[in-house]
């Protein structure tokens, strides 16, 4: 099944499992998604395989970055009539607090949806959205549907 | 680091302030299933790991550190079915900060997949003279 068809079906059936399953790496990390008023909230379930520093333990920085990048891409796919998965041009990740052994949440805001480039800001948190563990700003190359 | 193991990351080379890591191709790490290209997040993890390795060896006495930020420019998509490499080097260190630069590539370092810069902060004793939480 073509990716664009999987996404169309996921949107019409509001089947977020199907949506995330379309991206193997998101599935590998254990990311799930819920929607509230057009905004997707991604959830990274804690598991041993995402640990970076086992002494703390803390979630691997690359995984937190990937959670945020996925949240941004999924938000773009959800709100935009897209024929292709957005391509990351640049991503800047700020690591703010250590992400401990618990679930992590992420929300992405599309700050600018241009004709070819979309700019997205996303934050990730655990217990308190006002105390984010990490934040990104990223530019994506997008291919809008005709 | 469990996630590095889960990804199958291997160390290729490590010297003072420099490290090269390898990420073997794996279908579970794919971003776009239509073309089999590895997800940018997997590249981020590889780059973060390479920078961490390189930063730890950058000082005469190895010191614990945490990532402050990473900026990754994606230059071209990775070729599927082939391993990824990341080479990271500390181009400057201060008492508190390691300034890192990294390149991700496959067959040839002049044909980059991604270019990255990042800062890492030293924590623990020796950082400002006191034990400090980041």
Item checked: Helix-derived mean residue ellipticity, 222 nm - over the protein assembly as shown, DSSP H n ≥ 4, -39500 (n - 2.57), to 500 -> -7000 deg cm²/dmol
Item checked: Between 0 and 90°, nearest 10: helix A:3-13 axis offset from chain A longest Cα axis -> 80 degrees
Margin query: Taking each residue in B:1-13, count the Cβ atoms of any other chain within 10 Å of its Cβ, then average. What number comes out?
Written below: 4
Item checked: Size of the protein assembly as shown as Cα extents on the principal axes (Å, biggest first) -> 57, 43, 33
Check: Which value in nm describes the separation of the simple spin-label points at residue B:14 and residue B:95, placed 7 Å from the Cα toward the beta carbon?
Finding: 2.7 nm
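How big is D for chain B, in µm² s⁻¹ as a whole number, if Stokes-Einstein is applied with the Kirkwood radius of its Cα pairs at 25 °C and 0.890 mPa s?
Details: Rh = 15.1 Å.
The estimated diffusion coefficient comes to 162 µm²/s.
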Checklist line | residue B:27-residue A:130 FRET efficiency (beta carbon distance; Förster radius 41 Å; 0.05 resolution) | finding: 0.60
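Classify the stretch A:1-50: rounded, prolate or oblate, from the alpha-carbon gyration tensor (a ≥ b ≥ c, eigenvalue square roots; a/c under 1.5 rounded; otherwise prolate if a/b is larger than b/c)? Don't jump to the answer; show the numbers that get you there.
Working: a/c = 3.35, a/b = 1.39, b/c = 2.42.
Cα axes put the stretch A:1-50 in the oblate bin.
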Next item on the list: Calculate how steeply helix B:40-56 sits against the longest principal axis of the alpha-carbon atoms of chain B, using the helix alpha-carbon long axis, and give the answer as 0 to 90 degrees to the nearest 10.
Entry: 30 degrees
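Can you pull the mean other chain C-beta count within 10 Å for peptide A:93-101?
On the way: counts 9, 5, 11, 3, 3, 3, 0, 0, 0.
Per residue, the number of nearby Cβ atoms from other chains is 4 on average.
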Next item on the list: Have a look at the stretch A:1-125 and give its Rg and Dmax from the Cα atoms, expressed in angstrom.
Entry: 14.5, 46
Checklist line | For peptides B:10-16, A:40-46, A:70-76, sequence by mean Cβ density within 10 Å, most packed first | finding: A:70-76, A:40-46, B:10-16
Item checked: Footprinting exposure proxy for A:88, B:119, A:143, A:79 (fewest neighbouring C-beta atoms within 10 Å first) -> A:143, A:79, B:119, A:88
Checklist line | Between helix A:61-79 and chain A: long-axis angle, C-alpha atoms, 0 to 90°, nearest 10 | finding: 30 degrees
Margin query: Please compute the modelled spin-label separation between residue A:2 and residue A:41, points set 7 Å along Cα→Cβ, answer in nm with one decimal.
Written below: 3.5 nm
Margin query: For peptide A:21-27, what's the mean number of Cβ atoms from other chains within 10 Å of each residue's Cβ?
Written below: 6
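Values in this text are rule-based calculations from the coordinates and carry no lab data. Since this is a predicted model, take the numbers as computed values, not measurements. Because the Cβ atoms are built from the backbone with ideal geometry, glycine has one as well, and the counts that use them run over all protein chains shown.
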